[in-house]
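Read through the structure below, which is laid out as structure tokens, and then see the notes.
Derivation of every value follows stated rules applied to the coordinates shown; laboratory data play no part. Source: prediction; values computed, not measured. A quick note on method: Cβ atoms are made from the backbone with ideal geometry, for glycine too, and the neighbour counts reach across all protein chains shown.
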Amino acid sequence: MTGTKRTHADSMRWLAEGTTIFFDALATISDQRLDGPSALDGWSGRHLLAHMAANADALLNLAYWARTGEERPMYASREQRDTDIEAGAKLPAAELRAWAVRASGALAARLDELDEQQWSREVRTSRGQAIPASEVPWMRAREFMVHAVDLDAGVTFDDLPAGFLAALVDDISASRSGAGGPTLTLTATDHDGTWTIGGSDAPTVAGSGALVEVTGTLAGLAAYLSGRRAPGVTGPDGGPAPQLPGWL
């Protein structure tokens, strides 16, 4: 993996930028379009917006945990998370939009209140991973940026900040390494970055033990790794890149 280490200041900046990108894109979508499918398979625009609102509420729990030291998990359970999204998707459009704005604003306000000691307090993600609270802004920035593309309102990965895209490729590459799937080397054609996913024990496409080379723009690689449409990303000899397991 290559790239400059992501800082807390980076995450806070991208959180602010992602908030603007997402809500500006949402403002262009009519209530009727929210009823239709988003660019994320299986979810309507309503489901996507309900997820963003519920995610903000869940991360508020981590902000509370960081501030007080009192454990407060993101979700009661995975099933409860899914139930909340389904229920939210059935709200009147105006209420759903208002929930997303209100929850996002509340989270931003609580994060702004944390001090250095609270940022360093350990909390846990919905998957049980222990992280410092300083990772919460990155988690939310990632949601805003990627789901702004999923809204299918004209935002693409090419529209996202290059520094964010490099950090996203770093992040997903690390999370995919050792998780099964093909062993890959990824090279960005427009960025000084090369990443390796997997290891000597991971399977390869051909089963030969050789790394599979995947090439594309930085935006294309971010889209590919996150399981989105990634035109221009190619595998060996210009053929299709290997399919990857789901992400998040």
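Loop only per DSSP, at most 16 neighbouring Cβ atoms within 10 Å: give me the GluC sites (Glu not before Pro) in the stretch 52-131, ordered by residue number.
Details: sites: GLU70, GLU71, GLU79, GLU86, GLU95, GLU113, GLU116, GLU122; in loops: GLU70, GLU71, GLU113.
Hits after loop and neighbour filter: GLU70, GLU71, GLU113.
As a length-normalised measure over Cα pairs under 8 Å and 6 or more apart, the relative contact order of the chain settles at 20 percent.
Taking the chain on its own, what percent of its Cα-Cα pair distances exceed 27 Å?
On the way: 11978 of 30628 pairs.
Value for the chain (Cα pairs over 27 Å): 39 percent.
Taking a ≥ b ≥ c as the square roots of the eigenvalues of the Cα gyration tensor, the stretch 117-199 is oblate, since a/c reaches 1.5 or more and a/b is not larger than b/c. Gain on full extension, evaluated as 0.36 nm per residue between LEU91 and THR196 minus their Cα-Cα distance, stands at 33.5 nm.
Hey, with R₀ at 51 Å, roughly what FRET efficiency would ALA109 and ASP237 work out to, going by the Cβ-Cβ distance, to 0.05?
0.45
Expressed to the nearest 5 percent, the antiparallel share of DSSP beta bridges inside the chain is 65 percent. The ellipsoid equivalent to the alpha-carbon distribution of the stretch 1-147 has semi-axes of 26, 18, 14 angstrom, derived from the gyration tensor eigenvalues as √(5λ) and listed largest first. Between SER30 and SER77, the modelled labels are 4.1 nm apart [label points 7 Å from Cα along Cα→Cβ].
What stretch of the chain, leaving out the sites themselves, is the longest with no trypsin sites (Lys or Arg not before Pro) in a DSSP loop having at most 12 other Cβ atoms within 10 Å? Counting at most 12 other Cβ atoms within 10 Å as exposed, the longest clean stretch of the chain is 128-228. Per DSSP helix of 4 or more residues, -39500 (n - 2.57); summed, then divided by the residues of the chain. What does that give at 222 nm, rounded to the nearest 500? So the calculated ellipticity at 222 nm is -16000 deg cm²/dmol.
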